[in-house]
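Working notes, beginning with the structure itself.
No value in this document is a laboratory result; all are computed from the given coordinates. Bear in mind that the values here come from a model prediction, so they are computed numbers and not experimental data. Every residue, glycine as well, gets a Cβ built from its backbone with ideal geometry; the counts of neighbours run over all protein chains shown.
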Amino acid sequence: MNFKGFNYKNNNLFCEHVSLEDISFEFGTPIYVYSGASIEDAYSQLSSSIADTNTEINFALKANSTLGILSLLSKLGAGADIVSGGELVKALHAKINPQKIVFSGVGKTTEEIKLAIKNGIKQINAESYSEIENIISIANELNTKVPVAIRVNPNISVKTHEKIATGSNDTKFGMPIEETANIYKRLSSEKNIKTMGLAIHIGSQIFDMNEFKLAYLNILSVADSLRQEGFKVPNLDLGGGLGVDYKIAKINFFDYGKTISDVFKGYDYSLSIEPGRSLVANSGILLTKVIYLKKTKSKNFIVVDGAMNDFIRPTLYNAHHNVEPVNLSKGGLEKFDIVGPICETGDYFAKDALLSNTTEGQLLAIFSTGAYGSVMSSMYNSRVPANEILVYNGKVHKLKEQERIEDQISKEILPKF
Ligand SMILES: Cc1ncc(COP(=O)(O)O)c(C=O)c1O
């Protein structure tokens, strides 16, 4: 195992200097535990990989929008890629510089667009004709210059899960590449629009650098021809999508940065990227406790106290996540399905995981759950989502008050019949 921030000492798993067993005693389970050193390490590897280019890092909040994590990323210098008014409020709350905030997404409402303008964000990445007309009329109504880029759909299919592929014409994202130049010209003619450039995001969990390269070359060619016609195209936003190999915790920051610099060297575009998963996935684990062991004729099950309402990636994307015991002990390996208490067959964290000497009451760590983990949690089965803590700079930081069922009930209204 090679997870920076998570290591065994005397056969017990630690997050940096803190024993996960101690965390379970103090905070209970299930709980997300993040390593700040690991986030710093990922951020610094990514920054170094693009150091020879003029590229801004705008963290995609959709991967993890817990304020404590955002505020660490903000301290490291990250901007934000947001897709809702809620994410905008959270980014601002975490003190992310509004001039480093980019607003993506196909369904921005008038209220959300106005909120973004009021807060002076860097740019809105527009994704349809209707959205563009809406932004123009808002800009005229407010008589303010609004910074707008066009999100281009290059019609590239990528080798990833169909639910996270976003760069082809049969998805809802971006505007067809062949129409981009005309739309850009239309925007440039508006007195209250400041054209900021072009944006692209072809999907998530991408490992083949040629897929990024093809997308970048596409956007570069549209940008160059716009410039040749005299239009201002200052920025190119290259999106996110760098893949995380969840089995071996590997992220190819080096080749990713090299792909960007190979394509854009010699050009004077200012670039931005929108990494989500690659910055935080390996920095978090979900700590959970075994409630029961259960055998059927065909399977051994470990029933744990975490569930798909805490972490849905295995059931949503058939995602693989390594599961390891917090306390290692020697013994023959057995195959188990690791499942939660929710009444769905899809409520599982791992299938046929190999574990030894598993006992009821034991702690397990589900690895690489820092991205698309807590942020996708729900109250399904009237469960309260797992709490979250961050180990950083020698301290344990509690990131939330533990939600209680009473908190949920207090927000509901019992009708009087
Ligand atoms: C527009 C946009 N930018 C960035 C991202 C982040 O992608 P990733 O977490 O794979 O880096 C996404 C993810 O869906 C996205 O839709």
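Things worth noting here:
- Full-extension gain in nm, SER19 to LYS145, via 0.36 nm per residue minus C-alpha separation: 40.1 nm
- Euclidean distance of C-alpha centroids, region 1-54 and region 190-235, integer Å: 35
- Cβ-derived FRET efficiency at R0 35 Å, ASP41 paired with SER157, nearest 0.05: 0.60
- All-pairs alpha carbon distance profile, region 1-97, 10 Å steps from 0, percent: 14, 36, 32, 15, 2
- Simple spin-label estimate for LEU214 and LYS299 in nanometres, 7 Å along Cα-Cβ: 3.7
- For the chain, averaging the sequence separation of C-alpha pairs within contact (under 8 Å, six or more residues apart) and dividing by the residue count gives a relative contact order of 19 percent.
- Comparing ILE39, ILE183, ILE302 in a Gaussian network model of the chain where C-alpha atoms under 10 Å apart are linked, the largest mean-square fluctuation is found at ILE183.
- For the pair LYS75 and ASN134, a Förster radius of 35 Å applied to the C-beta separation gives a FRET efficiency near 0.50, rounded to the nearest 0.05.
- Here the residues ARG383, ARG186, ranked from fewest to most Cβ neighbours within 10 Å of their Cβ, fall in the order ARG186, ARG383.
- Taking every Cα-Cα distance in region 137-199 and sorting them into 5 Å bins from zero, the calculated P(r) comes out as 4, 18, 21, 18, 15, 11, 8, 4, 1 percent.
- With θ taken as phi - 60° and the Karplus curve 6.51 cos²θ - 1.76 cosθ + 1.60 applied, the whole-hertz 3J(HN,Hα) list for region 286-297 is 9, 8, 9, 10, 6, 8, 9, 9, 9, 10, 10, 4 Hz, x standing for glycine and proline.
- The C-alpha atoms of region 36-277 occupy a region whose extents along the principal axes are 51, 37, 34 Å, arranged from largest to smallest.
- Among THR345, THR55, THR259: highest mean-square fluctuation, GNM of the chain, C-alpha pairs under 10 Å: THR345
- Note on the chain: with a GNM built from Cα contacts shorter than 10 Å, the maximum mean-square fluctuation among SER368, SER329, SER49 falls on SER329.
- The distance linking region 56-72 with region 324-378 is 26 Å (Cα centroid to Cα centroid, whole angstrom).
- Each principal axis of the Cα atoms in the chain has its own extent, and those three values, largest first, are 70, 62, 44 angstrom.
- Take the Cα radius of gyration of region 305-417 and divide it by 2.2 N^0.38 Å, N being the number of residues; the result is 1.26.
- About its Cα centre, the dipole of the chain is roughly 200 debye, where the only charges are +1 on Lys and Arg Cβ and -1 on Asp and Glu Cβ.
- Take 79-85, 338-344 and order them by the average number of nearby Cβ atoms within 10 Å per residue, most first; the result is 79-85, 338-344.
- Pairwise FRET efficiency - THR109 versus GLU360, Cβ, R0 = 45 Å, nearest 0.05: 0.40
- Neighbour counting of Cβ atoms within 10 Å sorts the residues VAL148, VAL89, VAL326, VAL18, fewest neighbours leading, into VAL89, VAL18, VAL326, VAL148.
- Fewest-first ordering of VAL290, VAL102, VAL303 by other beta carbons within 10 Å of each residue's beta carbon gives VAL303, VAL290, VAL102.
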